[in-house]
Structures are given as structure tokens and as C-alpha cells.
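Accompanying notes for the structure given below.
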Amino acid sequence: MYMPIKKTKYVVITGGVMSGIGKGIVTASIGKILQSLNKKVTIIKIDPYLNWDAGTMNPFQHGEVFVTIDGVELDCDFGHYERMLDLQLLGNQNITTGQVYYEVISKERRGDFLGQTVQIIPHITDEIKRRINLVAKRSGAEVVIIEVGGTVGDIEGLPFLEAVRQLSLEVGRYNCLFVHVTFVPFPTHLREPKTKPTQHSVKELRSIGIDPSFIVCRSENPVGKGPRRKIALFCNVEERAVFTLPDLDVVYEAPLVLDGQGLGQMIPEYLDFEEKKPELLEWKETVDSFKNFEGEITIGMIGKYAELADSYISINESLKHAGAVLKRRVNIDWVNSEDFEKDPYAIERLGKYAGILIPGGFGARGTEGKILAIKFARENNVPFLGICFGMQLATVEFARNMAGLEGANSTELDQKSPHPVICILPEQVNVKNKGGTMRLGGYTAVITPGTKAYELYKTEKIVRRHRHRFEVNPEYIQILEKNGLVFSGRSEDGRLMEILELPNHPFFFGTQFHPEFDSRPAKPEPAYLGFIKAAVERELKTKIIEATS
Ligand code: GLN
């Protein structure tokens, strides 16, 4: 019987002019539009740096480290992809220079290339294509979107651009579409968009053999028809294929903005699909829920000085997802925990927040201030959510102030603590390499019926992603529980504490895992939803008290 060979189609996204312009959002948006055309989609992100993965990089420079369900640490763009497409992607969908060279050099040492001169072309480019092919095959996607990180013109990006150029030739013209995302500046003294940087970056791209079919202009304001026509002419693309994507209040709106200019209808033309109208009605309703609020609340997020709100983007988004469902705008105030260490009265400021959140973190600096904030939330009935490090510090706070364990601490912060309530378990003690050796990725938590956790998750087993080395010390569980702390979620073997809560508090909840990696627009993760619900209730109560006094 004749079986037509269904070829995978590719959309390759490159970036021009400068980095940090939201190429990841454009990539995710194109994925969303393809999904709305009924296509099975997956995404590969190429990061041309030499690090093996993003796990050892500074989140304050590169943004948050995202963790896949299979336990790989990678670039925060994966968060955009997963949230926008409602997918769980895998670690091998991130390809870095480090991985590619490591593989090729290992093969050379093994003798796989005996007699050959091992070179960037073809050995490195072949390895890049092999990795792309692997993802294409395993995912079963009809369209594989490849985002090439960095900016065209970077030396380290060249082998990857060469590899996708070869790929486009191999799969054929109607199976590969190049989309170039550029930055169009609006210099203040001119107040009009300048197209020259875009012209130059496309020229650079064409000089290495890639002719983009679509150009997406990222800019502060919309880029008008005139400048777009100019870009089309100078860059050898159709006029209707130059899109404008100005800064948006709600990033989830980007697919709608691009589709509104015809992108969804042009993709089938360029990739030789059957014609179909993109179906984004449901997505539009979701986007509207991020705009139409009945009120607002402010959450105090407690961190140390050097931490930036951007390095917790998945948490920020999760709070917004929960807020949108509850029709509340969620504002986030970044509070420096070191302030509480210097000035004991500063803690009172936390009373104005509808909820207090302590995110994941590493290292001793600012932790005593965080512990003071947890104490404040516990004693003043302020809804509290502690994520990973936040949960560990909540354990320390409870041990010290409620279980009489003076000097209790995590051994990450004080190795000589008389009560190491958080410690390293034997399996981590001898780990020497820092890269990829934490407890990473999806693990099951078993939830105790009758607890807040069960009320939220409504099931006995959940799988959530982890990224930590330290754990609640099993030797202290009994004494902590005897004093009223409830560990309502545990690992399947019962050894590791996954969730803690306090029964006599409006909402005091800590998770060893990172629920934020599984929150989606219109589908907030239950821990965040519970937290924001409690925060809204506190806000309403405060308003009633204010009105009656
Ligand atoms: N530093 C802590 C640990 O390694 C917490 C990590 C985190 O918050 N992601 O266990």
C-alpha cells in the first residue's frame, strides 16, 4: 500500500540588531498560531553559548533558569513556550554550542572519524542537524519551530545558521520558513521609526545564504505602513510579510496582534498547507481576562538586594494567571529582605500586603530578613507562599519559634547549627560537579487527604518540577509535626517533604517543588490559585474593616 511520506515542516526564527527584544515571545506566538491551524507543534531553542546548559549561569544576567519535566535546566524562553502553547517540552529541545562540541570531540576521541579532518562544516553542522532531527522524530510534530538564540552577526551563532541553511535546502522550499525578528528603534529626537538597522541585519543574514520570508519588527510603538514598505523593498520580502509587534501590556496578546496582520493565513501559503482560518477565539477570551479586572491586590515578594523581578518570571506569570481567573490585577512589590535585618520596625511595612511570597534562592545573604518576614506572615495571618528555599526557611522559622529549636537552620546557611532542620541528604553529599546535579525535574508528591493541599489539588498524586539540593531533615519531622506543622505532601517513599502547611492560618503554604513551571494562562497552578484567593479574601476583609471604622 502506498503511504505518503509526511515531511516535517520547519519554521526558523532568527534575531537581528540586538538581543532581548522578545524573540522568544514571537517564537511562542508563531507556535500558538500554528496550533490554531490545527498543527502539532514543538519548539527547539538553540543557545550558541558554550555552557552545556543554563543551570550554571547567573539568573540576574540571563533571567530565570527554567526546568523541564525531565530535569534539564535551560533558558527562560522555555517558560514562554510552555505557557503559550500549554506543552511540556523536554531537555533535548535546547541545543547549545557546549553540547554540540562536546559530542563531536568525544566522537573524535572514540575514533568515529578516523582518517578525517574534523571541521565545523560538516561535522559540527551535521551534529546540529542530527539533534534537530532527533527532536523532530521523537516529538512527532508536524511543524518544528527552531529559535536561533543570539543575534545575526555573532561569531558563535554562525555554525547554527549554517546548519539551518543546509536543513532548509535538504527539506525543500515549502518545508522551511525563515522568520527574522528585528528591533526597530524610535529615536526620541526624531519620533519616527528607523529601518536601517533592520536592513543591515537582513543583509548580514542573506550574506550567509538565508533569505527570510517574514520579518517581524519589534518596537516600542507600532511601525507604520511606510517604513514597513521600505523594509520590504530593501530586504527582499513581500510588503504584507513585514509585521509590526509593538510593546504589549499583556504578552499573551502577541499571537493575536500578529494574526491580525495576516500571519496565520500566510503561513499555510508559505509552507504549503491546506488553507485554514486560524481559530484563536478561545485564546482571545483568555487574553481579555488579563485586561478586565474587578479590583487589584498587591503581593510582597521578598528577596535579597541583588535579585531582580525578572529572574522570577514564571512566578510573576503564575501570580497573574491566578489573578486573571479571579478577576484581579496582581501587582508585585519587590521587598529587600536585608531591610528587616537592619531595621526591626521595617517589618511592619509588610502588613499592607495582601500576601507574602518567598521565592526560591541560594546562599545566606538576606535570609534572616526572609525568616523575619515569614514570622510576620505566620503571626499576622497574612497569606504566605514559600517556594523551595521559601519553604525551607518556613521550616527554619517554625523550628526556631514554635518548636523551641533554638538556632535551627539550614546547613546551606550555617553548617554548625545545633538543629539542622534543613540539610543535605546522603545522595547529595558526595556530589562534586555543580552542573546538572541538583534534584532536578518532575517527581511525584503524595498528598494527604483532609489537608489544604488536598483541597487545592483534589488528588492524591501530583508531579511537579524540582531544583534544589537541600531537604527537610527527616530527623526533625516528628518534633515539627508535634508542634503543629503539617507536611501534607511527601515523596512516594515518604522520605522527602514536598509540601508544608499550617492548619490554623488563612493560608500558610510551602512547596519544595516549583509550581510556577506548570502554571498556564486560564489554568493557574493550584498553589498559586489558593494563595491569590486567600490574598483577595484578606484584601476584601481589610476593605470592610476600613469602611466600618
Ligand atoms: N538553596 C536551596 C537548595 O539548594 C533552595 C533551592 C531553590 O530555592 N531553588 O535546596
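The values are calculated or read from the model by the stated rules, or taken from the named source; none is laboratory data. Fair warning: this is a prediction, and the values are worked out from it, not measured in the lab. Neighbour counts are summed over all protein chains in view; Cβ atoms, including those assigned to glycine, are modelled from backbone coordinates with ideal geometry. Quick note on the areas: whole protein, heavy atoms, side chains included, nothing else; ligands and nucleic acids left out. Shrake-Rupley method; radii C 1.70, N 1.55, O 1.52, S 1.80 Å.
Within a Cβ distance under 13 Å of residue 423, other residues only, what is the Lys/Arg minus Asp/Glu net charge? So the environment of residue 423 carries a net charge of -2. Against the criterion of solvent-accessible heavy-atom surface with a 1.4 angstrom probe, 189, 514 sort, most first, into 189, 514.
Solvent-accessible surface of the stretch 395-519, averaged per residue with a 1.4 angstrom probe and all protein chains in place: 44 square angstrom.
Going through the cross-link list 137/276; 45/284; 129/284, which pairs have a Cα-Cα distance over 31 Å in this structure? Display every interim value, and only then the final one.
On the way: 137/276 25 Å; 45/284 26 Å; 129/284 36 Å.
Those over the limit are 129/284.
Amide hydrogen proximity for residue 13: with H placed 1.01 Å from N in the peptide plane, the residues at 5 or more positions away or on another chain lying under 5 Å are 146, 147, 148, 179. What number comes out for the charge environment of residue 118, summing +1 per Lys or Arg and -1 per Asp or Glu over other residues with Cβ under 13 Å away? Net local charge, residue 118 excluded: -2. The order of 18, 301 by accessible area, most exposed first and with a 1.4 Å probe, is 18, 301. For residue 331, the residues whose modelled amide H falls within less than 5 Å of its own, excluding neighbours fewer than 5 places apart on the same chain, are 297, 298, 299. Other residues lying with their Cβ under 9 Å from the Cβ of residue 45 contribute a combined charge of -4, Lys and Arg counting +1, Asp and Glu -1.
Measuring between their Cα centroids, the stretch 391-419 and the stretch 12-82 lie 37 Å from each other.
Calculate I(q)/I(0) for the stretch 278-369 by the Debye formula, one identical point scatterer on each C-alpha and no solvent, and give its log10 at q = 0.11, 0.19, 0.22, 0.24 Å⁻¹ to two decimals. Those come out to -0.40, -0.90, -1.08, -1.20, one per q.
Looking at the stretch 406-456, the trypsin sites (Lys or Arg not before Pro) that sit in a DSSP loop and have at most 10 other Cβ atoms within 10 Å of their own Cβ are 416, 432, 434. Over all Cα atoms in the stretch 111-239, the spread is summed up by Rg and Dmax: 17.7, 61 Å.
Only protein atoms count toward the accessible area here, which uses a 1.4 Å probe; on the stretch 190-281, the carbon and sulfur part of that area reaches 48 percent. What translational D, rounded to a whole number of µm²/s, comes out for the stretch 46-156 from Stokes-Einstein when the hydrodynamic radius is the Kirkwood one over Cα pairs, at 10 °C and 1.306 mPa s? Once the numbers are plugged in, D ends up at 104 µm²/s.
Residue 146 sits with roughly 0 Å² accessible to a 1.4 Å probe, with DNA, RNA and ligands left out of the calculation. Shown here: the chain, whose C-alpha atoms stretch 71, 66, 56 Å along the first, second and third principal axes, sorted largest to smallest.
Strictly over 22 Å apart at the Cα level, which of 342/370; 32/461; 327/533 would you flag in this model? Violating the 22 Å Cα-Cα cut-off are 32/461.
By accessible area of protein heavy atoms, probe 1.4 Å, what ranking do 443, 101 get, highest first? Walk me through the numbers before you get to the answer.
Working: 443 95, 101 75 Å².
Most to least solvent-accessible, the answer reads 443, 101.
Among the trypsin sites (Lys or Arg not before Pro) in the stretch 15-119, which ones are in a DSSP loop with at most 14 other Cβ atoms within 10 Å of the Cβ? Mind listing them?
Answer by residue number: 40.
Sorting 404-415, 371-382 by their mean Cβ neighbour count within 10 Å, with the most densely packed peptide first, gives 371-382, 404-415. Less than 5 angstrom separates the built amide H of residue 244 from those of 217, all sequence-distant by 5 or more or on a different chain.
Percent of accessible area on the stretch 108-149 owned by carbon and sulfur, 1.4 Å probe?
On the way: 1130 of 2280 Å².
With neighbouring chains kept in place, the figure for the stretch 108-149 is 50 percent.
Within the accessible area of the stretch 57-102, what % is carbon and sulfur when the probe is 1.4 Å and the other protein chains stay in place? C and S atoms contribute 54 percent here.
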